[in-house]
Amino acid sequence: MLNPSLRCTAFSGPNRIATGELRHVALKAKQAFDLHPQRPVLIFEDASGGQLDLPLELPAADLLRLVAQPLLRQAEPPASPRKPGRPKLGVVAREVTLLPRHWDWLAAQPGGASVALRKLVEAARKVLSAEDQRRASQEAAYRFMQVMAGNEAGFEDAARALFAGDNHRFEVLIQSWPDDVRDHVSLLSVDAFAG
């Protein structure tokens, strides 16, 4: 199911026609499709750069009803016997397999193994979150570029510059692309060059 408040951008050919929540963008895309059925109208999810496939040939009311359907929620699992951990705090007990020297080191840490592991995980998350964000930005920009600029001059070199983190070269290579496509690629790739 689609999330009606998902952030998206729609293009009619190389022209950006709407940016915002999916329900708003879907309606603008439908209007553009009805106005120029021979022109491709594409909708992209902003976070991933992935293309959304909406049936724009449907009547507007049906399309909006489809987009507005609430997300399906997984049913709550039946109550099970109490397990180790602190469920009220969201703590979940799971098995971890380590070598004896790792267990020895963890046992010697203040607060014991659980506290030491939580601290290690939090520290790693802080370090990796910037890298993860950079990688996600690169992937989103590349997905969008493949669809909207795959035939544009300098596409392959721009993709290489994107993944190499060479912002100056990237901006030079996409300069000749259609304005809206270039601007959206730049927006999606903003975190790709951070740090």
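The values are calculated or read from the model by the stated rules, or taken from the named source; none is laboratory data. Please read all numbers here as calculations on a predicted model, not as lab measurements. Positions of Cβ are backbone-derived with ideal geometry, glycine not excepted, and every protein chain shown enters the neighbour counts.
Points to keep in mind about this one:
- All positions within the stretch 32-43 that are within 19 Å of residue 64 (Cβ to Cβ), touching a strand residue (DSSP E or B) at 6+ places or on another chain (Cβ under 8 Å) and not small (Gly, Ala, Ser): 33, 41, 42, 43
- Of the residues making up the stretch 35-49, those that are more than 10 Å from residue 11 (Cβ to Cβ), surrounded by 14 or more Cβ atoms within 10 Å (Cβ to Cβ) and touching a residue at least 40 places away in the same chain (Cβ under 8 Å) are 46, 48, 49.
- Residue in the stretch 98-115 that is at pLDDT below 90, at positive phi, surrounded by 10 or more Cβ atoms within 10 Å (Cβ to Cβ) and assigned to a helix (DSSP H, G or I) present: yes
- Screening residue 187 with (1) more than 24 Å from residue 7 (Cα to Cα); (2) in contact with a helix residue (DSSP H, G or I) (Cβ under 9 Å, 6 or more places away or on another chain) gives one miss only, at (1).
- Meets criteria (at pLDDT below 90, of a type in the set (Gly, Ala, Ser) and either surrounded by 10 or more Cβ atoms within 10 Å (Cβ to Cβ) or not assigned by TED's automatic domain parsing to the domain that holds residue 138 (or both)) for residue 75: yes
- Helices (runs of 4 or more DSSP H) completely within the stretch 128-195 that count 1 or more residues being within 15 Å of the chain's Cα centre (by Cα): 179-188
- Checked against the criterion of being among the hydroxyl-bearing types (Ser, Thr, Tyr) and closer than 17 Å to residue 185 by Cα, the stretch 18-25 contains one or more residues that satisfy it.
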